[in-house]
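Before any comments, here is the structure.
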Amino acid sequence: MSEFKGKNVQGSSANFYKFSDDLENWMGNLPNEIRDRIPIINLAIPGSHDSGAYAVTRHSKIAPDAEDVVRQLYRFIPWVVRKWAKTQKYTFREQLYNGIRYFDLRLAVNDDDDQIYFVHGVYCDEVMYPLEEMLNFLIDHPQEFVILDCQHFYNFEPHHHQKFFQVLLKLFNTRIYERFIHEQDFPYLTLSKALNLHKQLFIIYRNQNIDKTFFQSYHFQNPWPNVTDIRKLEEFLDHRIMLRSPYQGYCTQLVLTPTSSFIIRRFYSSLRSKCAKQVDKECKAYLESQKPGPFKDFEDRMCFSQILLIYMTIISQRQLLILT
């Protein structure tokens, strides 16, 4: 593991891990000052948008979250829809090993088998195996912490929510930081406290059908820009971050959201080339200026986690100004 020398604001030299060399263990490698003092909701945590939409193949069927115009397009040019549906390159395991710690989940029940799948316009993987990958990672990396944000539910009846609760509770069990026990302490949870409690994740469940174990929408703000223009995206993010409560988590969605007409005019292209690359090109400076944890499409591009972790390292040299 390489090191580099930096100076704090008083000018004295200090050695710091180059966290970007070990994304697999970046939380465990953070200085104790950060692990002990900075709440998890105030760390710059890299995440992925529609995290389960990596498994888009030619066999992927249209999903219930698809708009009517997308359904019509899928009948005639399904390969175009699939290119625009895919938001990630890496599996959950690969994302975790590349430093991703926030997972944005869009879920739907498949009428074909009554099982729960990740979706983004089309059906992706059934949820069990990717979540098992996450559990195995946490078992092997006891100092790492993950945020699961269950955002959208399609085709769900109350019994499907109960079924998914049981999947999550049985799989992650005592590793879950429970709302009904720890809600008052949620704003103050640090990585060190989580390690002492043997907790490795909390789960946000944005639905009125919710288990008492999971946190609710108001615990973790997640404003959606819903724009296709970079300047409008930055304006939206700047405005909304000013409204953030210091006692809530906050997710900065550094993503462009293509409309149906946007896609039709660029049907020959893809989400990766027309949105993700554009964000990479235009928003690097903006991203590096932010303290909260942004998340984006195609987290593999530009070593996204490394940008944030290098930034976090710089901040750690300046008297822990990572606080937001």
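The values are calculated or read from the model by the stated rules, or taken from the named source; none is laboratory data. Everything numeric here is computed off the predicted structure, so don't read it as measured data. Please note: Cβ atoms are built from the backbone with ideal geometry, for glycine as well, and neighbour counts cover all protein chains shown.
Going through (1) closer than 30 Å to Val80 by Cα; (2) touching a residue at least 60 places away in the same chain (Cβ under 8 Å) one by one, Glu133 falls short only on (2). Taking every residue in the stretch 244-264 that is over 21 Å from Glu67 (Cα atoms) and surrounded by fewer than 17 Cβ atoms within 10 Å (Cβ to Cβ) and pairing it with any residue that is among the polar types (S, T, N, Q) and modelled with pLDDT of 80 or more, at least 6 positions away or on another chain, the pairs with Cβ-Cβ distances below 7 Å are Arg244/Gln221; Gln248/Gln221. Restricting attention to the stretch 93-120, the residues that are of a type in the set (Phe, Trp, Tyr), within 22 Å of Ile40 (Cβ to Cβ) and either touching a Ser or Thr at 6+ places or on another chain (Cβ under 7 Å) or assigned to a strand (DSSP E or B) (or both) total 2.
Just to be sure I understand, how many residues within the stretch 138-150 are surrounded by fewer than 20 Cβ atoms within 10 Å (Cβ to Cβ) and either closer than 22 Å to Pro64 by Cα or not aliphatic (A, V, I, L, M) (or both)?
4
Any idea which residue in the stretch 213-256 is nearest to Leu168 (Cα to Cα), counting only those that are of a type in the set (A, V, I, L, M, F, W, C), at pLDDT 85 or above and not in a loop (DSSP other than H, G, I, E, B)? In this case the residue turns out to be Phe215.
Quick test for you: out of Thr174, Thr213, pick the one residue that is surrounded by fewer than 18 Cβ atoms within 10 Å (Cβ to Cβ), touching a residue at least 24 places away in the same chain (Cβ under 8 Å) and within 20 Å of Ile40 (Cβ to Cβ). Spell out how you get there, then give the answer.
On the way: Thr213 fails: surrounded by fewer than 18 Cβ atoms within 10 Å (Cβ to Cβ).
Selected residue: Thr174, the only one of Thr174, Thr213 that is surrounded by fewer than 18 Cβ atoms within 10 Å (Cβ to Cβ), touching a residue at least 24 places away in the same chain (Cβ under 8 Å) and within 20 Å of Ile40 (Cβ to Cβ).
Does Ile210 satisfy being at pLDDT 95 or above and within 16 Å of Asp149 (Cβ to Cβ)? So Ile210 does not fit the description; no. Only residues that are touching a strand residue (DSSP E or B) at 6+ places or on another chain (Cβ under 8 Å) and either surrounded by fewer than 14 Cβ atoms within 10 Å (Cβ to Cβ) or part of a helix (DSSP H, G or I) (or both) were counted in the stretch 65-77, giving 3.
Restricting to the stretch 180-214, name every residue that is more than 21 Å from Arg35 (Cα to Cα) and in contact with a Phe, Trp or Tyr (Cβ under 6 Å, 6 or more places away or on another chain). Correct list: Ile204, Tyr205, Asn207, Asp211, Lys212, Phe214. Apart from one condition, Leu148 fits all of (1) outside any helix (DSSP H, G or I); (2) closer than 29 Å to Trp79 by Cα; the exception is (2).
Does any residue of the stretch 183-197 turn out to be in a strand (DSSP E or B) and within 18 Å of the chain's Cα centre (by Cα)? Scanning the stretch 183-197, I find no residue that is in a strand (DSSP E or B) and within 18 Å of the chain's Cα centre (by Cα), so the answer is no. Closer than 30 Å to Leu189 by Cβ and not hydrophobic (A, V, I, L, M, F, W, C) - does that describe any residue in the stretch 112-119? Checking the stretch 112-119: not a single residue is closer than 30 Å to Leu189 by Cβ and not hydrophobic (A, V, I, L, M, F, W, C). With respect to the stated conditions, Phe295 fails to be part of a loop (DSSP other than H, G, I, E, B), of a type in the set (Phe, Trp, Tyr) and at pLDDT below 70.
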